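**Q** Could you have a look at this structure, given as structure tokens, before my questions?
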């Protein structure tokens, strides 16, 4: 039986693996296919696709968008995206700029607290267009301003802590439409983490294609509930480990092994939509 992992991150957002390292680990785990879903970017997808082609694995271009609906944060995964789609790239560039400015604001807050960290240090360590809080935490550790990553988040970077800065989020309805116009499928990520059950009907009405039922932090009971919701609203089912490499210690790639028939259903949906658009 074939399996896939459809929720993975690399150094192009807040993971620690290069695309090539991620693909090698996928091969060693025995996966038949993967999707790269870095935050607000498709920057690493070309390299991941090339590595998958060399290793005879299927690759799906993806991203993860942070959005909100009725003040509820929701993460929307985009799959089978056109990585050259102009509007998608323009919106991603805007959110990358917001992320970079957020880093500057967090560093400024840390400076006011007496920690002599420079934003340029964080950007150099991140070495990507889509930096996030984990990069600030790693920079604090690297500069010996804090002892470990957990302490950085607990003392400074978690919500409610003195250097936390809220994210600027796009509308969840816009994120679904943005993904669709780029040729992709829009899937709600880890609903059990964001407590987004109440807004599922609104997103379904906006064209949501699927829901991530299987996730490392979903219990068996959660997974079963979201499978029932997927059936109720005729949504596709996805799953993934949400691997960030070693930045979060766990989970690693392959922790979730999605049966490949779900990938085939995703592909069939993409083909059906393309056929309708041509007609």
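Any read-out appearing in this document is the output of simple, stated calculations on the displayed coordinates, not a laboratory observation. Because the structure is a prediction, the values reported are computed rather than measured. In this analysis, Cβ positions are derived from the backbone assuming ideal geometry, glycine residues included, and neighbour counts consider all displayed protein chains.
**Q** Working out 0.36 nm times the residue gap between residue 272 and residue 111, then minus their Cα-Cα distance, what length gain in nm do you get to one decimal?
**A** The residue 272-residue 111 span can extend by a further 52.7 nm.
**Q** Once the piece of chain linking residue 148 and residue 234 is laid out straight, how much longer is it, given 0.36 nm per residue of separation minus the C-alpha distance between them?
**A** This chain segment gains 26.5 nm when fully extended.
**Q** So how far apart, in nm, are the two label points at residue 202 and residue 82 if each is 7 Å from Cα heading toward Cβ?
**A** 3.0
**Q** Suppose the chain between residue 53 and residue 141 were pulled fully straight at 0.36 nm per residue; how much longer would it get relative to their current alpha carbon spacing?
**A** Length gained, residue 53 through residue 141: 28.0 nm.
**Q** Translational diffusion coefficient, Stokes-Einstein: compute it for the stretch 200-264 using the Kirkwood radius over C-alpha pairs as Rh, at 4 °C and 1.567 mPa s, and state it as an integer in µm² s⁻¹.
**A** 102
**Q** Would you calculate the separation in nanometres between label points at residue 73 and residue 28, each defined as 7 Å from the Cα along the Cα-to-beta-carbon direction?
**A** Simple spin-label model gives 3.2 nm for this pair.
**Q** Next question. If you fit an axis through the alpha-carbon atoms of helix 19-29 and take the longest principal axis of the Cα set of the chain, what angle between them do you get, 0 to 90°, nearest 10?
**A** Its long axis makes an angle of about 60 degrees.
**Q** Once the Cα atoms of helix 133-142 and of the chain are each reduced to a long axis, what angle between those two axes, in degrees from 0 to 90 to the nearest 10, is obtained?
**A** 40
**Q** Hey, any idea what the orientation-averaged projected area of the convex hull of the stretch 92-157's Cα atoms comes to, in nm²?
**A** 3.9
**Q** Report the label-to-label distance for residue 174 and residue 118 in nanometres (one decimal), using points 7 Å from each Cα along the Cα→Cβ vector.
**A** Taking the two extended label points, one gets 3.5 nm.
**Q** Please compute, over every Cα-Cα pair in the chain, the percentage with a separation greater than 29 angstrom.
**A** 31
**Q** With n ≥ 4 as the cut-off for DSSP H runs, can you work out [θ] at 222 nm for the chain, using -39500 (n - 2.57) per run divided by the number of residues, rounded to the nearest 500?
**A** -13000 deg cm²/dmol
**Q** Once the convex hull of the C-alpha atoms of the stretch 1-149 is built, how many Å³ does it hold per residue, rounded to a whole number?
**A** Measuring per residue, one finds 136 Å³ for the Cα hull of the stretch 1-149.
**Q** Test of understanding: extend the Cα→C-beta vector of residue 167 to 7 Å, then name every residue of the stretch 211-245 with backbone N under 15 Å from that spot.
**A** 242-244
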